[in-house]
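Working notes for the structure below.
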Amino acid sequence: MATYIVGVDIGGTTTKFGLLTDKGEYRDQWRISTDTENGGKDFPGQIAAAIDERLNEHRISKRDLLGVGVGVPGFIDEERGIVSAPNIGWKNDPLRSMLADALHLPVYVNNDANLAAAGEHWQGAGKKEDSTFFITIGTGVGGGLLVNGELVTGVSGTAGEIGHMLVVPHGRLCTCGREGCLEEYVAAKGLSKSLRDYLRNGIGTSILDENSVAIDIYEAAAAGDALALHIVNEAAYYLGYALANAATMLNPGKIIIGGGISAAGNTLLQPLLVHFKRFVLKEADRKLALETAELGNDAGIYGAAWLVMKRLGYFDGRSRPLK
Ligand SMILES: [Zn+2]
């Protein structure tokens, strides 16, 4: 009899589910729209119903399910199961107990980038390395840290938040309320802001205008547009700077780069590597590999399943979970 776990990856518009075995094999995956109406109050019930419905379809008894892991885009207090996710409307909502009460199953919650890091560690690019730093670059920038196979979250859940590492003193205003955060310069919105600043200062380009988005900038850079190349190089500079500081301080065996940015490929990665090598402490770089993520959009679901198994003692030498 197989043992199952449900992984849930909550996004701003879509929430993805995966039914996995304890060996990390997918048995099913599905998605529902994220309901942000009414401050997201109805959404936990919809998540529970979506899981119950699918388990019934597969005729899987809850006795064969270890539990449910949930990745949330926001700040998470895992121990208390309390989440704050502005994109969904949750502010100090007790998501863990709400889901556990509805499902009658063990539920574990964590930040989505932390779980993507854990997913890559369990089944992806970090498989053979116990100490990894994962960065995801898309609309925003997130990060997750594993040390000796343990997810490091910090005392209030912000460990790994490299998107809010300050790279420009008194720089652009960030959504976190501070100025000069990394994501304001390298995430999709950051590239658009850079472009807008240059255009308003009279530095023109034949390809780009104020409506151009990140992918247009990367395409223009790949086509040799001078301004686009400059903007991408600037993003690579700040990214290299932040990752070099992270690597110097954390000394991981691997830095894994994921998120929508992978579409940019070498247009970003090549200059990033040049800047990173220039900034990093040589001793920290001695055994370090910089690699792209392998699991794409599924990393968070793998990580959510990993979290359930981890918290139940699966990876700590016990063959059966603690109940
Ligand atoms: Zn910030």
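The values are calculated or read from the model by the stated rules, or taken from the named source; none is laboratory data. Fair warning: this is a prediction, and the values are worked out from it, not measured in the lab. FYI the Cβ positions are ideal-geometry reconstructions off the backbone, even for glycines, and counts take in every protein chain you see.
Quick notes on this one:
- ARG63 of a type outside the set (A, V, I, L, M), surrounded by fewer than 13 Cβ atoms within 10 Å (Cβ to Cβ) and more than 19 Å from GLY24 (Cα to Cα): no
- Residues that are touching a strand residue (DSSP E or B) at 6+ places or on another chain (Cβ under 8 Å), within 11 Å of the ligand (Cβ to nearest atom) and hydrophobic (A, V, I, L, M, F, W, C), drawn from region 145-190: ILE162, MET165, LEU166, VAL167, LEU173, CYS174, CYS181, LEU182, ALA187
- Where a residue in region 257-278 is in the same structural domain as GLU219 (by TED's automatic domain parsing) and its partner, wherever it lies, is polar (S, T, N, Q), with Cβ under 6 Å and at least six apart: ILE257/THR292; GLY258/THR136; GLY259/THR136; SER262/THR292; PRO271/ASN233
- Test: residue in region 68-76 that is touching a helix residue (DSSP H, G or I) at 6+ places or on another chain (Cβ under 9 Å), at pLDDT below 95 and in a strand (DSSP E or B): yes
- Residue pairs meeting the criteria (Cβ under 8 Å; at least 6 apart or on separate chains; first assigned by TED's automatic domain parsing to the domain that holds LEU166, in region 183-194; second within 12 Å of the ligand (Cβ to nearest atom) and among the acidic types (Asp, Glu)): LYS189/GLU183; GLY190/GLU183; GLY190/GLU184; LYS193/GLU184
- Members of region 171-213 found to be under 18 Å from GLY240 (Cβ atoms) and small (Gly, Ala, Ser), listed by number: GLY171, GLY180, ALA187, GLY190, SER194
- Residues satisfying the stated conditions in region 89-117, i.e. under 23 Å from LEU55 (Cβ atoms) and of a type in the set (A, V, I, L, M): LEU95, MET98, LEU99, ALA100, ALA102, LEU103, LEU105, VAL107, VAL109, LEU115
- Residue satisfying condition, being surrounded by fewer than 21 Cβ atoms within 10 Å (Cβ to Cβ), within 21 Å of the chain's Cα centre (by Cα) and over 14 Å from ALA242 (Cα atoms), within set ALA293, ALA289: ALA289
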